[in-house]
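Q: One structure, as structure tokens, below. Some questions next.
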Amino acid sequence: GGVPPPEAISSHQEIASSQRTLLAMTYRVMKTILVVDDEPKITQLVRDYLERAGYSVLIAHGGKKALSTAKTEKPDAVILDLGLPHLDGLDFTREFRKTSNAPIIMLTARAEESDKLIGLELGADDYMTKPFSPKELVARVRVVFRRMENTASAGAEMIRVADLTLDVPRLRVT
């Protein structure tokens, strides 16, 4: 036994420090997705697939509840039905876009081209119609996050730390 020589201790500390740095670089905070739909079967199905894919999921069954949840929880993305009680998906999108640039994927039974165009114009990042493939929805979620990461690393225009977002070009903190 005995005490290891000082150079062994120093070397061990350097290795531990390097491992911590590498861990910090590779560790990514779990992304949170708000799923908004008035049909519990759909929210449960979407939650199951997203959680299996490694995301944290919040659920809201109406537009007003979704808006209050979005304000307090600041989700990284929203999956949104348009036909909601109290406040529909389009009104939710208008309000949500005033304070957040988080991606919105509309998931709705409204298949008319005009509905898609309005949704995308209001700020949706993607639009899927029901019936839908849960696996495709997860793939689309990954795509919007990948696009955000590529944009952020290219221009670092949006900087997020904890619950603060710095919008560099607009000089705005939310």
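Q: Just to be sure, is ARG147 open to solvent by 50 Å² or more (accessible area, probe 1.4 Å) and at pLDDT below 95?
A: Yes, satisfied.
Q: Could you run through segment 90-133 and say how many residues are in a strand (DSSP E or B) and either open to solvent by 60 Å² or more (accessible area, probe 1.4 Å) or hydrophobic (A, V, I, L, M, F, W, C) (or both)?
A: Adding up the residues that qualify gives 5.
Q: Could you check segment 38-83 and list, in sequence order, the residues that are open to solvent by less than 70 Å² (accessible area, probe 1.4 Å) and assigned to a loop (DSSP other than H, G, I, E, B)?
A: If the condition is that a residue be open to solvent by less than 70 Å² (accessible area, probe 1.4 Å) and assigned to a loop (DSSP other than H, G, I, E, B), then ASP38, ALA53, GLY54, TYR55, GLY62, PRO75, ASP76, ASP81, LEU82, GLY83 are the ones that fit.
Q: If I filter segment 91-108 for residues that are within 20 Å of SER68 (Cβ to Cβ) and aromatic (Phe, Trp, Tyr), do I get at least one hit?
A: Yes: one or more hits.
Q: Just one of the numbered conditions (1) of a type outside the set (Asp, Glu); (2) surrounded by 14 or more Cβ atoms within 10 Å (Cβ to Cβ); (3) modelled with pLDDT under 95 is not true of ALA156; which one?
A: Status for ALA156: all satisfied but (2).
The values are calculated or read from the model by the stated rules, or taken from the named source; none is laboratory data. Given the structure is predicted, the values throughout are model-derived calculations rather than measurements. Note that each Cβ is placed from the backbone with ideal geometry, even for glycine, and that neighbours are counted across all protein chains shown. Protein only, heavy atoms only, side chains kept; ligands, DNA and RNA dropped before computing areas. Shrake-Rupley method; radii C 1.70, N 1.55, O 1.52, S 1.80 Å.
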